[in-house]
Amino acid sequence: MDELIRNLAVYALPVLFAITMHDAAQAFMARRLGDNTAHAAGRTTLNPLAHIDPLGTIVIPAVMYLMTSFVFGYAKPLPLNYGQMRHPKRDMAWVALSGPGANFLMALLWLLLAIGLQYFSVDESFPNLVARAGVQTNLWLMAFNLLPIPSMDGGRIVFSLLPHKAAFQYARLEPYGFIILLALILLKVVGIWLYAIESVARQILGLLVSPLIMLLS
């Protein structure tokens, strides 16, 4: 029981900040591209309280960890009005990319913290576990949101890249997005996708921090 409580505590901050940064980045990008809706709703802030959904940010991540050891969560729906953006179809992709991009940046910062803890010989397990959980959680959230399913960030990127006629045909799948997601989970396609994207992301992270590691060694 003590180990379970410790593990939940380890993932609490990484999950909270991963979700917060994801939504705040998309709200900020939307504002830069002409849509002030999310900013007017107070969603460009880094205050987690503005983004927390009690069910998606707290209950679901805890239950999923207890049942599967996999942590996933979501924030309150982000209010966006693509019609207010200067180039709605193109700008949709930039908004969608900004969330996973923020998670990749967060993973990099958590990795730098892990390297710093090791360099300064911080042997206490808790901060080291939190740093590793921060990397893992952000890469999972990034990869999951990049799934090319309508209504998810990956789906919006696909919509933006497709020719107009194909894009709007693709968008008609959005009401079935959750069913498609469930089917892909049952077929274990999602697991393969997460592993592939995470592996590539970890390699890129390794390249980014390699000069620092060489400097410190």
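Restricting to segment 1-53, and then to whatever is aliphatic (A, V, I, L, M), open to solvent by 40 Å² or more (accessible area, probe 1.4 Å) and under 16 Å from Tyr82 (Cα atoms), can you tell me which residue is modelled with the highest pLDDT? Going through the qualifying residues, I end up with Met29. Answer yes or no as to whether Ile213 is open to solvent by less than 70 Å² (accessible area, probe 1.4 Å), over 24 Å from Thr57 (Cβ atoms) and in contact (Cβ under 8 Å) with a residue 60 or more places away in the chain. Here the answer is no, as Ile213 does not meet what is asked. Listed by first and then second residue, the pairs with beta-carbon distance under 8 Å, at least 6 apart or on different chains, first residue in segment 19-44 and among the aromatic types (Phe, Trp, Tyr), second in a helix (DSSP H, G or I) and surrounded by fewer than 19 Cβ atoms within 10 Å (Cβ to Cβ), are Phe28/His39.
What number of residues within segment 73-123 satisfy the criterion of being part of a loop (DSSP other than H, G, I, E, B), hydroxyl-bearing (Ser, Thr, Tyr) and either free of Cβ contacts under 8 Å to residues at least 24 places away in the same chain or open to solvent by less than 80 Å² (accessible area, probe 1.4 Å) (or both)?
1
The set of residues in segment 124-158 being open to solvent by 40 Å² or more (accessible area, probe 1.4 Å), without any contact (Cβ under 8 Å) to a residue 60 or more places away in the chain and under 17 Å from the mean Cα position of the chain (by Cα) consists of Arg132, Leu146, Pro148, Ser151.
Go through segment 159-169 and report how many residues are of a type in the set (Phe, Trp, Tyr) and open to solvent by less than 40 Å² (accessible area, probe 1.4 Å). Give the derivation first.
Taking segment 159-169 and keeping what is of a type in the set (Phe, Trp, Tyr), we get 159, 168.
Pick out the ones that are also open to solvent by less than 40 Å² (accessible area, probe 1.4 Å) and you get 159.
Final tally of qualifying residues: 1.
Of the helices (runs of 4 or more DSSP H) lying entirely inside segment 146-217, those containing at least 1 residues that are under 25 Å from Val135 (Cβ atoms) span 153-161, 177-186, 189-216.
The values are calculated or read from the model by the stated rules, or taken from the named source; none is laboratory data. What you see is a predicted model, and the numbers here were worked out from it, not measured in a lab. Glycine also receives a Cβ, built like all others from the backbone with ideal geometry; neighbour counts cover every protein chain displayed. Surface areas here come from the heavy atoms of the whole protein model, side chains and all, with no ligands, DNA or RNA. Shrake-Rupley method; radii C 1.70, N 1.55, O 1.52, S 1.80 Å.
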